[in-house]
Amino acid sequence: MRYPIYINKVYLRLKHLMACLLLLLMTSCGEVFELEFENPDVILPVQMHLSTNNLYMMAGDTCSLYPVWSPDSITGLGVYWESTNPEVAVVENGLITAVGNGSTMIRAISVSELVADSCYINVYKTWQVEPQYYEYDMVVYAHVEVEGEQLNDDLEISAMCGGEVRGQGIIRTLNNITYLELRIYSNVASGEQIDFYCHHKKRERVIKFPQSLTFDGEAHGTLTNLYQLVIE
């Protein structure tokens, strides 16, 4: 009775060895795989992406990135972090600290060096625009709400085009109505896409509004019908 059991054990070990050899061959081709140990016949591809691939930050802010593995059962795999421009932002164990004005790429590389992902970061010291360098302008009068929080001094609002600051919001109050006045500048009379961002000073976060406008040189919103800039 022991002889067949012994053969079966040898067979299973050989089967597992072949699976490991197949794993080695696959990883040498530039992809990461893992064995499904509950079923050694199944070899799953492993993929990794970062929690976000694009960030806007203000100098002094911090933000955490983390790797998301696929399949979901993958956890605890080692990752190296690096910044292509440490003078703009540095990273340690996924924690990004914005240092100075400019842009950089934060890269996460698996310990096996077979999967990687990156996050592009723009860092601003201040949100300022120089009106004298632009030929055209438009204005937005807006009601602002960020994750249930009404417009206040902790919320800095800017308008951007392609990562370039084109306007900075000013809080106004008239007839007991508090609103944002945002004058936006361009050297093109119409057609540029304008995106809106909020820097939350206390939370050290820069959040993009889902709303956007096409630059047209006109006024958008009135005191009785404010343009809605809302992040749910």
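For a quick check of your reading of the model, give me the residue pairs whose first member lies in the range 189-206 and is at positive phi, whose second is open to solvent by less than 20 Å² (accessible area, probe 1.4 Å), with beta-carbon atoms closer than 8 Å and at least 6 apart or on different chains.
Close Cβ pairs (under 8 Å, with a partner that is open to solvent by less than 20 Å² (accessible area, probe 1.4 Å)) amount to Gly191/Phe215; Glu204/Met58; Glu204/Asp61.
Does Glu92 qualify as being among the acidic types (Asp, Glu), loosely packed, with under 13 Cβ neighbours inside 10 Å and over 13 Å from the mean Cα position of the chain (by Cα)?
Criteria met by Glu92.
Go through the range 93-107 and count every residue that is part of a strand (DSSP E or B) and of a type in the set (Gly, Ala, Ser).
3
Give the number of residues within the range 170-224 that are open to solvent by 70 Å² or more (accessible area, probe 1.4 Å), in a strand (DSSP E or B) and not β-branched (Val, Ile, Thr).
Of the residues in the range 170-224, 7 are open to solvent by 70 Å² or more (accessible area, probe 1.4 Å), in a strand (DSSP E or B) and not β-branched (Val, Ile, Thr).
Would you mind telling me which numbered condition in (1) under 16 Å from Glu156 (Cα atoms); (2) exposed (fewer than 14 other Cβ atoms within 10 Å of the Cβ) Glu232 fails?
(1)
Quick test for you: out of Val111, Val99, Val91, pick the one residue that is over 19 Å from Lys208 (Cβ atoms) and touching a Pro at 6+ places or on another chain (Cβ under 9 Å).
Going through Val111, Val99, Val91 in turn, just one is over 19 Å from Lys208 (Cβ atoms) and touching a Pro at 6+ places or on another chain (Cβ under 9 Å): Val99.
Within the range 150-168, which residues are surrounded by 15 or more Cβ atoms within 10 Å (Cβ to Cβ) and either of a type in the set (A, V, I, L, M) or within 18 Å of Lys202 (Cα to Cα) (or both)?
Residues satisfying the conditions are Leu151, Leu155, Glu156, Ile157, Ser158, Ala159, Met160, Val165.
Would you check which residues across the range 79-92 are in a strand (DSSP E or B), over 19 Å from Ile207 (Cα atoms) and at pLDDT 95 or above and list them?
Matches in the range 79-92: Trp81, Glu82, Ser83, Val90, Val91, Glu92.
Where residues in the range 104-119 are modelled with pLDDT of 95 or more and open to solvent by 50 Å² or more (accessible area, probe 1.4 Å), which of them is nearest to Arg166 (Cα to Cα)?
Across the range 104-119, the extreme among qualifying residues is Met105.
Within the range 108-137, how many residues turn out to be touching a Ser or Thr at 6+ places or on another chain (Cβ under 8 Å) and in a strand (DSSP E or B)?
Residues meeting the conditions: 9.
Condition first: at pLDDT 85 or above and over 30 Å from His200 (Cβ atoms). Can you find one or more residues in the range 70-78 that meet it?
For the range 70-78, residues at pLDDT 85 or above and over 30 Å from His200 (Cβ atoms): absent.
How many residues, within the range 138-169, are free of Cβ contacts under 8 Å to residues at least 60 places away in the same chain and not in a strand (DSSP E or B)?
7
The values are calculated or read from the model by the stated rules, or taken from the named source; none is laboratory data. Predicted, not measured: the structure shown is a model, and the values here were computed from it. A quick note on method: Cβ atoms are made from the backbone with ideal geometry, for glycine too, and the neighbour counts reach across all protein chains shown. Please note that ligands, DNA and RNA were not included when accessible areas were found on the heavy atoms of the full protein model with its side chains. Shrake-Rupley method; radii C 1.70, N 1.55, O 1.52, S 1.80 Å.
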